[in-house]
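Student: Got a structure here, written out as structure tokens. Questions coming.
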Amino acid sequence: MATVGKTETSDIAVHWKEEGYVQPPAKFVGQANLADPSIADRFSLENFPECFREYADMLSWDQSWHTTLDTSHPPFWKWFVGGKLNACYNCVDRHLPKHKNKAAFIFVPEAETEPTYTLTYQELYVRVNETAAVLRDFCGLKPGDRVTIHMPMILELPITMLACARIGVTHSVVFGGFSGEAAGTRAADSGSTVMIYADAYYRNGKLIDHKASADIAVKTAAAEGVTIDKVLVWRRRDGEDLSNTPMVPGRDFYMEELLKNYRRVKVAPVSVDAEHPLFLMYTSGSTGKPKGCQHRTGGYLAYVTATAKYYQDIHPEDVYWCMADIGWITGHSYIVYGPLSLGATNVLFEGVPNYPDAGRPWRIAEQLDVNIFHTSPTAIRMLRKAGPNEPQKYNYHFKHMTTVGEPIEPESWRWYHEVVGKGEAVIVDTWWQTETGGFLITTKPALDPMKAGSAGPAALGIFPVIFDEAGNEIAAGSGRAGNLGIRNPWPSIMQTILNNDDRFVQQYYAKFCKNPKSTDWRDWPYFASDGAVLAADNYYRILGRVDDVINTAGHRLGTKEIESACLTVPQVAEAAVVPVVDEIKGRVPAIYVALKPGVTDTKQVTEDIIRAVETMIGKIARPKGVHIVADLPKTRSGKIMRRILAAISNRVDTGDVTTLANPEIVEQIRKQVQGDGPVDLQDAPEDIKRFGEQE
Ligand code: WT7
């Protein structure tokens, strides 16, 4: 029987087969935070939403809430209404009486010759207070103001975030690897007047002059009508000038200098409403402009605290290392807010996993006795390729490992389990999104068996559903793929898209809303934009995006954003961006462009296009190929058929093209990209097949 995206059961099996169960090691089960199976009853559908009180009770509240969930204005849910709290207090101050000497962070610089640096909770407290004083008293920032932080992985990044949270300022962290332009656009959208930078950092053995991005960001924001009046610059190394970019007098200030005036100043944590926006995280969607996902304080912090405790199994005595970047949601939820709220010891690593060699992560694990490890399938594939036997050279022992961000194929999963985890660790494959704030699909590590290639069952209190295109539910075990949805609201769901409530409703709720007038949450399932299959045992296999987002190395890129960057090159008439399967990074973008008449220097144009993409977005968006073609395939109404280009780039059947306005161009492009010889057609994963379908 045909299914969503015209996929047959057999096609899904090609993606990869259902695997057998792997049981969690007994040693792990014996010490797990979440070991009582009866918890599932407490979080049953009948007990929703009150079940989440249990999560909120893990926090310290200044004033308790009176309503767990307010659904009066769907889909703008309110959680723990009436409650007041401070996220920084929960992550720092409340640990001091018992744990002030405990390491909050162990910073591992990229250079192995540079020593690690430990920051205790007491030191974190002092530094966060002093930083908050600069923000409040020097910058004049007030609760509700927004600040953009464009920083690499150094201790001052979480310190700055917590300082914002302390004074009720909403932070918007932009991934350090994004360009100055990307940071400037996001700063303008958020209405920030202050941006926070680092002067420089190390990556792949090179010193990167990051302050240079600040000047570009300020210029970009100005072009969009927003004046950044202050740029605060943290020095990577106190007292040293590692950046060659001059400071602009009156605008740029070294934090090191400013902090001298606020030595040991204490700033009382501002008690905010549970619904007060804690942060913004910009992410890519179906339009050219990234959207600012706004997250609340109370529900978000409660959910990430509880899920870090139950699914990451963090105990106070553990050494926890999440190798993600704080500039993504993973780092916000599972480096900063969740683990710190639990009083964890967190490893913060400046560098990349495979520099100077693929043994680096395992040396760090050995040196610091890391026992909880968290990374992405891309990093796993990369480390496996570069150093398949490296882990066994080092004496470390993980009790728990996470994989997140993209589907992981069973073969890589097994290497992770057997070689990295030495068969001793439990693995959770957690499915979630920037929008969801925390894990929504994952095994309960001590209670559910693992299954390679499957994310697992729903998290506690989460009720997913698979819809076909018409909104009918697809039953478990039918083998049919469909659209992943979540039936119910949960505490860490984003509040809205900043300045765009309509787009929030359209993007996440309009598609499967049963009754737009209803104030019953049951009528408002959340649409995730992922394809999934639900097995008979209620385990979900995530098949990838069903929209025009490309998940490259676990990072979300909007094809429309890349196309807009291409169109800034004057010679380009039209551009289309499609995902191509990549052995390491999952998917990478390929670019197709048609040029304006008379352009002959295609080599120059190609270089200009690559440069435009790198400067407007960042190096992570670097395309796998730029194909300059005579024309793009189009429908008679003039729509570019990206689906066909994706088929060509991935060597799959292009299907029927006879109804196009220019069918002959398809064969011409195919030969240009695949060559003249015979081509072995491949079967493609679900997201490639569905790419461009909604256009
Ligand atoms: C997209 C969200 C969640 C934090 C990092 C990414 C994909 C996420 C999994 C997983 C298969 C996954 C989905 C999702 N994804 N986790 N365990 N298995 N795919 O956050 O940048 O918002 O991206 O990442 O396609 O929609 P994000």
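Student: Stretched out fully, how many nm does the piece from K511 to E583 gain, at 0.36 nm a residue minus the Cα gap? Before the final figure, lay out the partial values.
Tutor: Values: separation 72, 0.36 × 72 = 25.92 nm, distance 3.30 nm.
Full-extension gain reported as 22.6 nm.
Student: Mind giving me the FRET efficiency for N261 and R237? R0 is 22 Å, r the Cβ-Cβ distance, nearest 0.05 is fine.
Tutor: Numbers: r = 21 Å, r/R0 = 0.96.
Efficiency computed from Cβ-Cβ geometry: 0.55.
Student: Name the residue farthest towards the positive end of the dipole of the chain from the options Y320, F253, S454, assuming +1 on Cβ of Lys and Arg, -1 on Cβ of Asp and Glu, about the Cα centre.
Tutor: The listed residue farthest towards the positive side: F253.
Student: Highest mean first, what order results for 185-197, 35-47, 681-693 on Cβ atoms within 10 Å?
Tutor: Ranking, from highest mean packing down: 185-197, 681-693, 35-47.
Student: Looking at the stretch 227-294, which trypsin sites (Lys or Arg not before Pro) are DSSP coil and have at most 16 other C-beta atoms within 10 Å of their C-beta?
Tutor: Answer by residue number: R237, R251, R263, R264, K266.
Student: With every protein chain kept in place and ligands, DNA and RNA left out, what is the accessible area per residue of the stretch 429-535? Probe 1.4 Å, answer in Å².
Tutor: Dividing the accessible area of the stretch 429-535 by its residue count gives 28 Å².
Student: Using 0.36 nm per residue, how much length does the chain from A476 to E664 gain when fully extended, once their Cα-Cα distance is taken away?
Tutor: Roughly 63.4 nm would be gained on extension.
Student: Can I ask one more? What order, most packed first, do the peptides 517-527, 455-465 have when packing is the mean number of other Cβ atoms within 10 Å of each residue?
Tutor: Working: 517-527: 16.7, 455-465: 22.6.
Packing order, densest peptide first, comes out as 455-465, 517-527.
Student: Also, I was wondering about something else. Among the listed pairs K211/K289; K78/K585; K17/K560; K78/K230; K619/K639; K291/K451, give every one whose C-alpha distance is greater than 27 Å.
Tutor: Pairs exceeding 27 Å: K78/K585; K17/K560; K78/K230; K619/K639; K291/K451.
Student: Quick one: putting +1 on the C-beta of Lys and Arg, -1 on the C-beta of Asp and Glu, what dipole do you get for the chain around its Cα centre, in Debye to the nearest 20?
Tutor: Result for the chain is approximately 840 debye, rounded to the nearest 20.
Student: Give me the aspartates and glutamates in straight-line cross-link reach of K266: C-alpha distance below 19 Å, same-chain residues under 8 apart excluded.
Tutor: D62, D93, E123, E130, D137, E156, E256, E257
Student: May I pose another question? Toward the positive end of the charge dipole of the chain, about the Cα centre and with charges on Cβ (Lys, Arg +1; Asp, Glu -1), which of I644, P290, V267 goes farthest?
Tutor: V267
Student: On a 32 Å Cα-Cα criterion, which of the cross-link pairs K100/K385; K385/K689; K603/K634 come out too long?
Tutor: Listed pairs above 32 Å: K100/K385.
Student: Keeping every protein chain present and rolling a 1.4 Å probe, give me the accessible area per residue for the stretch 241-368 in Å².
Tutor: Spelled out: the 1.4 Å probe surface of the stretch 241-368, per residue, equals 29 Å².
Student: Let me ask something else about it. Would you work out the charge dipole size for the stretch 638-689 about its Cα centre, treating the Cβ of every Lys and Arg as +1 and the Cβ of every Asp and Glu as -1, and quote it to the nearest 20 debye?
Tutor: Working: 7 positive and 9 negative charges, 51 e Å.
So the dipole magnitude of the stretch 638-689 works out to roughly 240 debye.
Student: OK, next. Any idea how far apart T227 and D502 come out in nm if each label point goes 7 Å out from Cα toward Cβ?
Tutor: Output for this residue pair reads 3.0 nm.
Student: Give, in nm to one decimal, the length gained when the segment between Q122 and H73 is fully stretched (0.36 nm per residue of separation minus the Cα-Cα distance).
Tutor: Here the segment from Q122 to H73 would lengthen by 13.4 nm.
Student: OK, next. Could you please state how large a percent of the accessible area of the chain is carbon and sulfur, counting protein chains only and using a 1.4 Å probe?
Tutor: Using a 1.4 Å probe with all protein chains present, the chain comes out at 50 percent carbon and sulfur.
Student: Sticking with this one: Can you tell me the dipole magnitude for the stretch 93-154 around its Cα centre, using point charges on the Cβ only (Lys, Arg +1; Asp, Glu -1), in Debye to the nearest 20?
Tutor: Its charge dipole is roughly 440 debye.
Student: Antiparallel as a % of all DSSP beta bridges within the chain, to the nearest 5? Don't skip to the answer; put the middle values down first.
Tutor: Working: 59 of 102 bridges.
Of all bridge pairs located within the chain, approximately 60 percent are antiparallel.
Student: Now for a different question. Please sort 208-218, 432-442, 630-640, 354-364 by packing, taking for each peptide the average over its residues of neighbouring beta carbons within 10 angstrom, highest first.
Tutor: 432-442, 208-218, 354-364, 630-640
Student: Say the dipole of the chain comes from +1 at the beta carbon of Lys and Arg and -1 at that of Asp and Glu; which of G82, G20, A386 then lies farthest toward its positive end?
Tutor: The one lying farthest along the dipole's positive direction is G82.
Student: Would you calculate the separation in nanometres between label points at N204 and A268, each defined as 7 Å from the Cα along the Cα-to-beta-carbon direction?
Tutor: It is 5.0 nm.
The values are calculated or read from the model by the stated rules, or taken from the named source; none is laboratory data. These numbers were taken from a predicted model, which means no experiment stands behind them. FYI the Cβ positions are ideal-geometry reconstructions off the backbone, even for glycines, and counts take in every protein chain you see. Surface accessibility is based on the protein's heavy atoms, side chains included, excluding ligands, DNA and RNA. Shrake-Rupley method; radii C 1.70, N 1.55, O 1.52, S 1.80 Å.
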